[in-house]
Amino acid sequence: MMVAHEVFTYQELLDILEKLEAPPGFKSELVRGEIVLSPQGRAHSEIILAGQEAARAAGLPRWRVLSDVLSPFPHTRSGFCPDVSILRSTASRTAKPLPRSDIAGAIEVISSDLGEKDYGIKVQEYAVAGIDSYLIADPYKGLCTLFTRLENGVSPEPQTYPFGETVTFTADGTDFVLDTSDWPRIG
């Protein structure tokens, strides 16, 4: 579901998004000036938890592993809430909303069989922000897509891993290992 408008400023939209209580089973984000609600089901939740557990297993303290916390991307009038954000060791523990420069890695789980925002605008925006690694987990395809060395709005060709393989990546100098052998598929 999308809410389009020409009335609100970017800051007003971010304020609305911060206060918005999404219905149970949905997550809200701001994508190119539109508030978007994305469904989150059991498969989504299991994969997010696996990402959080991998970050903790890599030795990160809890404060450096967040889920669904708003981060502005003003270049495209967006405000993303990554399913899992891995913060830099220098990140602020109190900034609200979360500065995009504090995010070292992001994991997004596809919420619909299209995944347009995850494979499109988020790749571009995470590259502009200099995020080290961006992993897309797609339970519809049973596939992980890993973008690394994102910079200046450009990402080299991604690596792909079918569910069942181990995915490794580095963010902020920390190595992460994700065992996808028990990740659920949809469809």
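Just so you know, all these numbers are worked out from the coordinates, no wet-lab data involved. Since we're looking at a predicted model, the values are computed, not measured. Note that each Cβ is placed from the backbone with ideal geometry, even for glycine, and that neighbours are counted across all protein chains shown.
Counting neighbouring beta carbons within 10 Å and listing from fewest to most, the residues His75, His44 come out as His75, His44. Farthest toward the positive end of the dipole of the stretch 41-179, out of Ala57, Gly115, Thr166, is the Cα of Ala57, where the dipole comes from beta carbon charges about the Cα centre. Every pair of different Cα atoms in the stretch 115-187 enters the Kirkwood calculation, which places the hydrodynamic radius at 12.6 Å.
Centroid-to-centroid, using Cα positions, the stretch 99-145 and the stretch 7-61 are 12 Å apart.
Comparing mean-square fluctuations of Arg149, Arg100, Arg42 from a GNM of the chain with C-alpha springs under 10 Å, the top value falls on Arg42. Based on the Kirkwood approach, the hydrodynamic radius assigned to the chain is 16.5 Å, with every pair of different Cα atoms included. Mean separation of Cα pairs under 8 Å and 6 or more residues apart, divided by the residue count, gives the chain a relative contact order of 17 percent.
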